[in-house]
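Undergrad: For reference, the structure I am asking about is given below.
The values are calculated or read from the model by the stated rules, or taken from the named source; none is laboratory data. From a predicted model like this one, the values you see are computed outputs, not experimental measurements. Reconstructed Cβ throughout: ideal geometry from the backbone, glycine too, with neighbour counts over all protein chains shown. Note: accessible area is taken over every heavy atom of the protein model, side chains too, but ligands, DNA and RNA are not part of it. Shrake-Rupley method; radii C 1.70, N 1.55, O 1.52, S 1.80 Å.
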Amino acid sequence: MKYYLIVGEASGDLHASHLMKALLKEDPEAEFRFFGGDMMSAVGGTRVRHYRELAYMGIIAVLLHLRTILRNMAFCKRDIVEWRPDAVILVDYPGFNLKIAKYVHEHTKIPVYYYISPKIWAWKEYRIKEIKRNVDELFSILPFEVPFFEQKHHYPIHYVGNPTAEEVRQFRAAYNVSGEEFRRKHGLDERPIIALLAGSRKQEIAGNLPQMIAAARRFGGYQLVLAAAPGIDAEFYDAFIGGSDVHVVRGETYALLSHADTALVTSGTATLETALFRVPQVVCYNTALPKLVGFLRRLVLKVKYVSLVNLIADREVVPELVANTFSEANIAEQLKRLLPDGAARREMLEGYEEVWRKIGEDSPSERTAKEMVLKVKK
């Protein structure tokens, strides 16, 4: 059978690549065509666009690249109709993907499956109408989404477990590189490591990384190691770290987290990854017009937290410095609480265990693949 997948960022590329592998186990004759990244390409199939051509965030960036976005969307619609897949699989990225779902629903009889459901519980809850109308099956990876969709909105979904937890478990089971070997490979000394995870998009990196570096540099007994995002050239990072003592690792984020003492993390999937590696963290997310965004956040967002760690735990396990609370001084203050082996660090690690328990032990890619293949065959 033929599967058309669409992702819009690095984490989606990772999760979709695992799903594609699981689909091949269930359907060895599976053919893939996709908007995706290098990890999906490594599995096989035809990549028609790289997610870098889609990954614009923020009103200004979207407006500046609106022509490109619309051109890619028009191409995607035509390509789906011409290729005639047995199923379209959308992975997160709702601004783009929900429009594709609407088009496919209105112009074809191809079923639309949504893997990693849109986070409408945080904002734009009205999108539930589009989902009910245009999405045939919704696959959730967060346990608290079940009551939101099924009890509040009477829309049945499949909770399949969390792919990040699955990926971390698989990595930890296979990884056997010692701290000494990791340090030697990357030219690091014996000082403990502060990991910097500054996001996967250029706008995020530019907005967060300078203050993250400045705050972490206040602690001379530690060394700073930046996890470079897939698809971001070294030259882009040089503008922020060129000639400095910040080390960079590329394609080894999980290895870095395996050896880090603490981390500064831009909100997103990386906050959950960091928690699952049991690395204490400060969540940082800078925005344009921070005071205005801080005020609007209270009015627009439907949830108390922005990090997946706190959302899953339903309490503040990790500190969140977002918009008007984001500053070098605040980052340094929160980081100071975590660096010694004190009460704040121990409490956070206890909270991480709670997150692990709530996520569970499911293998989401395999469960999702089985469900999808059964649905398609019907």
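Undergrad: Keeping all protein chains in place, calculate the accessible area per residue for the chain (probe 1.4 angstrom), answer in Å². All intermediate terms of the calculation are to be shown ahead of the outcome.
TA: Details: 17030 Å² over 378 residues.
Here the per-residue accessible area is 45 Å².
Undergrad: In a GNM of the chain with a 10 Å cut-off on Cα contacts, which of Thr274, Thr46, Thr164 has the highest mean-square fluctuation?
TA: Result for the chain, Cα springs under 10 Å: Thr46 fluctuates most.
Undergrad: Then there's this: Would you please give the residues with an amide H less than 5 Å from that of Lys2, counting only those at least 5 places away or on a separate chain, with H modeled from the backbone geometry?
TA: Those qualifying (amide H under 5 Å, at least 5 residues apart or on another chain) are Glu31, Asp86, Ala87.
Undergrad: Can you give the FRET efficiency to the nearest 0.05 for Phe75 and Asn324, using r as the Cβ-Cβ distance and R₀ = 51 Å?
TA: Details: r = 39 Å, r/R0 = 0.77.
It comes out at approximately 0.85.
Undergrad: Separate question: Tell me which DSSP H helices of the chain clear both cut-offs, 27 Å or more of axial length from alpha-carbon atoms and a mean Kyte-Doolittle hydropathy of at least 0.5. Intermediate results must be reported in sequence, preceding the final value.
TA: Numbers: long enough: none.
Both cut-offs are met by no helix.
Undergrad: Is the shape of segment 60-147 rounded, prolate or oblate, going by the alpha carbon gyration tensor and its root eigenvalues a ≥ b ≥ c, with a/c under 1.5 for rounded and a/b larger than b/c for prolate? Write out the running numbers ahead of the final one.
TA: On the way: a/c = 2.13, a/b = 1.18, b/c = 1.81.
Verdict is oblate for segment 60-147.
Undergrad: With all protein chains present, how much of the accessible area of the chain (probe radius 1.4 Å) comes from carbon and sulfur, to the nearest whole percent? Intermediate values should be presented prior to the final figure.
TA: On the way: 8830 of 17030 Å².
The computed percentage sits at 52.
Undergrad: Given the options Ala228, Ala101, Ala74, which has the most mean-square fluctuation in a GNM of the chain, springs set between C-alpha atoms less than 10 angstrom apart?
TA: Comparing Ala228, Ala101, Ala74 in the GNM, the peak value goes to Ala74.
Undergrad: ³J(HN,Hα) across segment 143-152 via Karplus (A = 6.51, B = -1.76, C = 1.60, θ = phi - 60°), whole Hz, x for Gly/Pro?
TA: x, 6, 6, 4, x, 4, 6, 7, 8, 6
Undergrad: Quick one: plug the Kirkwood hydrodynamic radius of segment 300-345 (C-alpha pairs) into Stokes-Einstein at 4 °C, 1.567 mPa s, and report D in µm²/s.
TA: On the way: Rh = 11.9 Å.
This corresponds to a translational diffusion coefficient of 109 µm²/s.
Undergrad: Take Arg84 and Lys102, extend 7 Å from each Cα along the Cα→Cβ direction, and tell me the distance between the two endpoints in nm.
TA: 2.7
Undergrad: I've got another one for you. Could you please report the charge total around Lys375, scoring K, R as +1 and D, E as -1 over all other residues with beta-carbon less than 14 angstrom from its beta-carbon? Kindly include the intermediate steps, with their values, before the conclusion.
TA: On the way: positive: Lys109, Arg367, Lys370, Lys377, Lys378; negative: Glu26, Asp27, Asp86, Asp136, Glu137, Glu371.
Result for the local shell: -1.
Undergrad: Among Thr269, Ile241, Pro94, pick out the residue whose Cα is farthest towards the positive end of the charge dipole of the chain, where Lys and Arg carry +1 and Asp and Glu carry -1 on C-beta, about the Cα centre.
TA: Projecting each Cα onto the dipole axis, the largest value belongs to Pro94.
Undergrad: Can you classify segment 147-228 as rounded, prolate or oblate using the Cα gyration tensor, where a ≥ b ≥ c are the square roots of its eigenvalues, rounded means a/c under 1.5, and otherwise it's prolate if a/b beats b/c and oblate if not?
TA: On the way: a/c = 3.39, a/b = 1.65, b/c = 2.05.
Oblate.
Undergrad: Quick check: pseudo-label points 7 Å beyond the Cα along Cα→Cβ at Glu190 and Lys378, how many nm apart are they?
TA: 6.2
Undergrad: Right, another one. Which FRET efficiency value, to the nearest 0.05, do you get for Glu31 and Arg133 by plugging their Cβ-Cβ distance into 1/(1 + (r/R0)^6) with R0 = 25 Å? Let's see the in-between values first.
TA: Details: r = 28 Å, r/R0 = 1.12.
The pair Glu31/Arg133 has a calculated efficiency of 0.35.
Undergrad: Same structure again: How long is the gain from Ala343 to His50 if the chain were fully straight, where each residue apart is worth 0.36 nm and the alpha carbon distance is subtracted?
TA: Working: separation 293, 0.36 × 293 = 105.48 nm, distance 4.45 nm.
Stretched out fully, the Ala343 to His50 stretch lengthens by 101.0 nm.
Undergrad: Let me ask something additional. Determine the calculated [θ] at 222 nm for the chain from helices alone, applying -39500 (n - 2.57) to every DSSP H run no shorter than 4 residues and normalising by the residue count; nearest 500 deg cm²/dmol. Show your work: numbers first, answer last.
TA: Numbers: 17 runs with 184 residues, N = 378.
For the chain, the value works out to -14500 deg cm²/dmol.
Undergrad: In terms of the ratio Rg/(2.2 N^0.38 Å) built on C-alpha atoms, what value belongs to segment 4-123? Please report the intermediate quantities before stating the final value.
TA: Working: Rg = 13.8 Å, N = 120, 2.2 N^0.38 = 13.6 Å.
Compactness ratio reported: 1.02.
Undergrad: Could you order peptides 81-89, 166-174, 275-283 by the average number of other Cβ atoms within 10 Å of their residues, highest first?
TA: For the peptides 81-89, 166-174, 275-283, the packing ranking is 275-283, 81-89, 166-174.
Undergrad: For Arg357 and Ala173, FRET efficiency with R0 = 22 Å and r from the beta-carbon atoms, rounded to 0.05? Spell out each step's value before the answer.
TA: Details: r = 19 Å, r/R0 = 0.86.
Calculated value: 0.70.
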